[in-house]
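Heads up, the thing below is written out as structure tokens.
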Amino acid sequence: MTRDVFVGDFAYALGDQRESLGSAARRGLLASPEDAMKHGGFEQHYYCSSAASAYDLALQAARALRLRGSDIDALIYATCIPENGSRCDRKAFASSGDVRDLMQFPASHLQAEMNISGPVFGLDQQACTGMLGALRLARSLILSEPEFTRILCVTADRFPEGARYEQAYNLISDGAAACVVSEQPADFRILACHHVTNGAQVSASDEETLGSYFAQTCATIQACLNKAGLGIDDIDWIVPQNTHRDAWRVLCSLLGFPFEKVCLDTLSEVGHVISADNVINLTCLLERGLPEPGQRVLLPMAGYGSNWQCVALARSGS
Amino acid sequence: MNRVLVTGADGYLGSRIVASCLADHRDVIAWIHARNPVELEHRSHALKECLGGDLECAGGDLLDPDAFSTIDPLGISAIVHAAAVTRFDVDRRAARRVNVAGTSAAAALAQRCPRLERFVFLGSAFAAGLLEGSIEEGPLAPDGFANNYEWSKWKSEQVLQEDHAELPWTVLRAATVIADDESGACGQLNVVHDTLRLLYQGLLSVIPGEPSVPVCLVTADMVAQAAVRLLEGPFVGRFVNACAPVESCPTLDTLLTVAMDSFQACPEFRRRRIQRPPFCRRDAFELLVQGLRRHGGSLSEQVAGSLAPFAPQLFLRKQFIARRVSMLTGRAFPDMAALLSRLCERMLATGACGNRAGVRTIA
């Protein structure tokens, strides 16, 4: 019989600059009309000042957990934007010609900073689904290798200077999230994980992404439910990525799930924080005293690649 | 001289009606909607190139009250009024001026034709508007309409019934034309083909509609053949539903399955692993369309312009009673699911699926 694996200790960090949707529009950071974004539920977002890096966000989120490094067996560090997977110094490389300057891995830096002695796993190329990929990998490591009982999962991204802060009709925030996957009971028991990649759509336009969004999200959720031996009626909450509010109204219609049970609490405030949305919304839900013990939660995410992931959780406690 | 005047003669169905008349050795005047002499000349030339150099063409602006002033009523024995705006997203004013007033003008011409034997109005099955249940081959009284096109085709029927009851008219209500004929060839793209293109390209995120709703379809050659048979046949003052009888209509679910299966034959489609779009409720589809409209872009034009005005019909369980069209043509309707499969194969072969240019909103 498969052992239970849990996830808890959620924290997140956001870019140090906050601005309104209108300001983002005036600065040319949007592709869509401001009104359309506002109607979608977006009101403001966070971005990093020039000096702040994705690693800084990761460190901030990880530190917020107040962990002792010795209690952590491994670190999984997920990034969406490839250049956030290295703290490389291009100038140094240009001068030295030494590729070592390109391999300043943020996971290694974070491990050292957090006094973690276990190994690190860099996880990329899963786009916005990276945190869910980290949860899945952590769970599998705990189930398959006795040396791992408690794994810190981190995701951190900031958009590069000059980037548009709208992707696939969503207002983006720079941010990071952290949580711990463990064999010891924590906030949630992980019931199932499912991941679909359709590499043929790696270059999908926003319209093509939208074209596959509803069908693929429904299929991924259904596959996750099947793995967990559940139906949609067994689910109490969906804690998704912060995407256009009406997209979730449509999805709820397709899934037969009540929209009021979709936790998009932070959509207006933070927008789509790349791979951190589930953690941010879950934190918000926990602060509301929810979900109740025993209630089940789905965490679905979609990302470029194209990647689709969903994790099913059950709130711990009796 | 017994001559047949065909309006909208260079349109998709109009040109086929002209061709059928010519094949039936009838003397035809092809009336072409044109806003000026240069356009008329250009379009007449194109039609003659297509159908034969000695075809007599005339024309005018259907918005003009004197649109038919160049037609000598003495020689006209029959009129097929096929001219119309057939876009689902036509605005009310244009629908009224072109479709309703145009029908009035054609009927007024018919009144002046002393030897007139028949006035065939090429109507639309969409004149049934938001009606559900059995749609008889008789007058319609819909509660409402999904778009102005539907209203205009119903209103045109009303014009004939109320203002021209003494004319020997017949209303031929054409369903959505799926293909030119049983081969699956398609000379004009409409909402069916637009939807297939979106499906093939992976841009159709959901399908509005109830899976079990029957979809009424017809081929262009069936409509043209029925129109010609009506020129001196039965059904004066009657209505003919030109669509496959309900028992032969595939459901929306069947059509989607056939289309997805047909596209699976294409390696590129398989490679992209396009998912079958789920059926969604009307309110959810409207939310999606509103969102697309706000964000703009070509997908917005394609979905909001083409599929959206048609979508309400995909939730209505209409059962067209269609006994007369097979009597007229002497032919059974083709298997529409098999025909859709051939259509998809043709669209793949001709590259029509991959072409994202041009928004078609034709009924």
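Length gained on full extension, A:Arg68 to A:Leu102: 9.3 nm, using 0.36 nm per residue less the C-alpha separation.
Between A:Asp234 and A:Ala163, take the C-beta separation as r, use R0 = 41 Å, and let me know the FRET efficiency to the nearest 0.05.
On the way: r = 40 Å, r/R0 = 0.97.
Efficiency at R0 = 41 Å is approximately 0.55.
Comparing B:Leu116, B:Leu196, B:Leu287 in a Gaussian network model of chain B (Cα springs below 10 Å), the most mobile by mean-square fluctuation is B:Leu287.
Listing B:Val4, B:Val213 from fewest to most neighbouring C-beta atoms within 10 Å gives B:Val213, B:Val4. According to the square roots a ≥ b ≥ c of the eigenvalues of the Cα gyration tensor, what is the shape class of the stretch A:6-126, taking rounded for a/c under 1.5, prolate for a/b larger than b/c otherwise, and oblate for the remainder? Because a/c hits 1.5 or more and a/b fails to exceed b/c, the stretch A:6-126 counts as oblate. Seen from all directions on average, the stretch B:60-194 presents a Cα convex hull projection of 9.3 nm². Taking other C-beta atoms within 10 Å as the exposure proxy, A:Ser212, A:Ser275, A:Ser86 rank A:Ser86, A:Ser212, A:Ser275 from fewest upward.
For B:Arg173, the residues 5 or more places off, or on other chains, whose built amide H falls under 5 Å of its own are B:Gly123, B:Val240, B:Asn241, B:Ala242. Annotation for the stretch A:1-70 versus the stretch A:243-318: alpha-carbon center distance of 15 Å. Between B:Thr70 and B:Glu182, the simple label model (points 7 Å from Cα in the Cβ direction) yields a spacing of 4.0 nm.
For the stretch A:146-294, rounded, prolate or oblate, judged on the Cα gyration tensor with a ≥ b ≥ c (square roots of eigenvalues), a/c < 1.5 rounded, else prolate if a/b > b/c? Show your work: numbers first, answer last.
Values: a/c = 1.41, a/b = 1.18, b/c = 1.20.
Judged from the Cα gyration tensor, the stretch A:146-294 comes out rounded (a/c under 1.5).
Along the stretch B:63-69 the Karplus relation, 6.51 cos²θ - 1.76 cosθ + 1.60 evaluated at θ = phi - 60°, assigns HN-Hα couplings of 7, 8, x, 9, 4, 9, 5 Hz to successive residues, with x for each Gly and Pro. Only Cα pairs under 8 Å and 6+ residues apart enter the sum, and on that basis the relative contact order of the stretch B:135-233 stands at 30 percent. Amide H contacts of A:Arg158 (H built 1.01 Å from N, in plane; Pro and chain starts excluded): A:Ala54 sit under 5 Å, all sequence-distant by 5 or more or on other chains.
Across chain A, C-alpha contacts under 8 Å between residues 6 or more apart give a mean separation that, scaled by the residue count, equals a relative contact order of 26 percent.
Given a Förster distance of 60 Å, report the FRET efficiency between B:Ile321 and A:Ser203 from their Cβ-Cβ distance, rounded to the nearest 0.05. It would help to have the intermediate numbers written out before the result.
Working: r = 50 Å, r/R0 = 0.83.
Once the sixth-power term is evaluated, E becomes 0.75.
A cysteine counts as unpartnered when no other cysteine's C-beta lies under 4.7 Å of its own; in chain A this applies to A:Cys48, A:Cys80, A:Cys88, A:Cys128, A:Cys153, A:Cys179, A:Cys193, A:Cys218, A:Cys252, A:Cys263, A:Cys284. Between A:Leu59, A:Leu254, A:Leu298, the Gaussian network model of chain A with springs among Cα atoms under 10 angstrom shows the greatest mean-square fluctuation at A:Leu254.
Residue-wise HN-Hα couplings along the stretch A:300-309, as the Karplus relation 6.51 cos²θ - 1.76 cosθ + 1.60 with θ = phi - 60° gives them from phi, are x, 9, 10, x, 4, x, 8, 10, 9, 9 Hz; Gly and Pro carry x. Give me the distance between the Cα centres of the stretch B:296-334 and the stretch B:144-183, rounded to whole Å. Value for the Cα centre distance between the two parts: 13 Å. Simple spin-label estimate for A:Ser50 and B:Asp89 gives 4.5 nm between the two label positions (7 Å along the Cα-to-Cβ direction from each Cα).
Listed as lacking a disulfide-compatible partner in chain B: B:Cys21, B:Cys50, B:Cys57, B:Cys113, B:Cys186, B:Cys249, B:Cys266, B:Cys280, B:Cys344, B:Cys353, by the criterion of no other cysteine Cβ under 4.7 Å. Spin-label pair B:Glu301-A:Glu260: with each label point 7 Å from Cα along the Cα-Cβ axis, the two points sit 4.2 nm from one another. Each Cα pair under 8 Å and six or more residues apart adds its sequence gap; the mean of these over the residue count of chain B is a relative contact order of 20 percent. Okay, which of the stretch B:318-342 sit inside 20 Å, backbone N to the point 7 Å along the Cα-Cβ direction of B:Asn2? The answer is B:328-330, whose backbone nitrogens lie closer than 20 Å to the label point. Amide H contacts of B:Glu210 (H built 1.01 Å from N, in plane; Pro and chain starts excluded): B:Phe315 sit under 5 Å, all sequence-distant by 5 or more or on other chains. Straight-line cross-link partners of A:Lys227 among the lysines, defined as a Cα under 28 Å from its Cα and at least 8 positions apart when in the same chain: A:Lys261.
Remark on the protein assembly as shown: ratio of C-alpha radius of gyration to 2.2 N^0.38 Å is 1.20. Taking B:Ser15, B:Ser134, B:Ser44 as the candidate residues, the one with maximal mean-square fluctuation in a Gaussian network model of chain B, Cα springs under 10 Å, is B:Ser134.
Taking 0.36 nm per residue of sequence separation and subtracting the Cα-Cα distance, how much length would be gained by fully extending the chain between B:Val236 and B:Val38, in nm to one decimal?
67.5 nm
Find how much the distance from B:Arg96 to B:Asp253 grows on full extension, using 0.36 nm per residue of separation minus their present alpha carbon separation; answer in nm with one decimal. Don't skip to the end; give the middle numbers.
Working: separation 157, 0.36 × 157 = 56.52 nm, distance 3.45 nm.
Contour length minus Cα-Cα distance gives 53.1 nm.
Distance from the Cα centroid of the stretch B:1-73 to that of the stretch A:117-186 is 68 Å (rounded to whole angstrom).
Rounded to the nearest 0.05, what FRET efficiency do B:Ala108 and B:Arg270 give with R0 = 51 Å and r taken as the Cβ-Cβ distance? Could you check?
Numbers: r = 56 Å, r/R0 = 1.11.
That pair, B:Ala108 with B:Arg270, gives E of 0.35.
Bear in mind these aren't lab numbers, they're just calculated from the coordinates by the rules spelled out. All values derive from a computational prediction rather than experimental measurement. When we count neighbours, we look across all protein chains shown, and the Cβ atoms used for this are built from the backbone with ideal geometry, even at glycine.
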